[in-house]
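Q: Supplied in structure tokens, the structure appears directly below.
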């Protein structure tokens, strides 16, 4: 299996390099420190697997995946990150990620994840898989139940529907942009959606 790594942290590149070196059925073909360095060079390498960090400087790993997918339809993409929050997981899957592993994964887990990719599986760290299951499982408040939202969350959703930007919502509500993002994250979780478009669709159909 021919692999490439896109990771800005030297210690994590070394970790992945060591993991791949342990496997007789894997070859590390290339390493890149950023999405800008990887694209478009990586598209010419005939790769089986690309392991990319999400939190890259500049263009992030999810946006890199969106750019690469049309050029590399047969390549398996595994995103590698410290984050297991719902939004990043769903953004990654929608962008075309085949797997999603945390940087806390053991070398054995990483090797097995790469092999599972090539067998047609969709490997995920246990906590990521649990979040996905929890997201899909019905809860006491039915999917799309706006009664689960707090008054502040209703206000934020109303302003999103009006087309306001995060910074405009923050100014209107007297909040920081990070707090607005936290409210939006909570809205997505309560409405069981993974994007602003889905949240607004639920808002309009209530």
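The values are calculated or read from the model by the stated rules, or taken from the named source; none is laboratory data. On a predicted model such as this, the values are computed, not experimentally measured, just so you know. A quick note on method: Cβ atoms are made from the backbone with ideal geometry, for glycine too, and the neighbour counts reach across all protein chains shown.
Q: Looking at region 91-120, which of the residues that are in a loop (DSSP other than H, G, I, E, B) and free of Cβ contacts under 8 Å to residues at least 12 places away in the same chain is nearest to residue 20 (Cα to Cα)? Show your work before the answer.
A: Looking only at region 91-120, we keep the residues that are in a loop (DSSP other than H, G, I, E, B), and these are 96-98, 103-106, 119-120.
Retained after the next criterion (residues that are free of Cβ contacts under 8 Å to residues at least 12 places away in the same chain): 106, 119-120.
On the way: 106: 12, 119: 17, 120: 19 Å.
Among those residues, the one meeting the criterion is 106.
Q: Of all residues in region 53-81, count the ones that are free of Cβ contacts under 8 Å to residues at least 60 places away in the same chain and not in a helix (DSSP H, G or I).
A: Adding up the residues that qualify gives 20.
Q: Right, something else. Could you go through region 166-181 and let me know if any residue there is closer than 20 Å to residue 93 by Cα and either surrounded by 15 or more Cβ atoms within 10 Å (Cβ to Cβ) or touching a residue at least 40 places away in the same chain (Cβ under 8 Å) (or both).
A: Looking through region 166-181, none of the residues is closer than 20 Å to residue 93 by Cα and either surrounded by 15 or more Cβ atoms within 10 Å (Cβ to Cβ) or touching a residue at least 40 places away in the same chain (Cβ under 8 Å) (or both).
Q: For region 88-97, state whether one or more residues are modelled with pLDDT under 90 and farther than 20 Å from residue 195 by Cβ.
A: no
Q: Would you mind stating whether residue 50 is at pLDDT 95 or above, outside any helix (DSSP H, G or I) and either assigned by TED's automatic domain parsing to the domain that holds residue 196 or surrounded by fewer than 21 Cβ atoms within 10 Å (Cβ to Cβ) (or both)?
A: Spelling it out, it is not the case that residue 50 is at pLDDT 95 or above, outside any helix (DSSP H, G or I) and either assigned by TED's automatic domain parsing to the domain that holds residue 196 or surrounded by fewer than 21 Cβ atoms within 10 Å (Cβ to Cβ) (or both).
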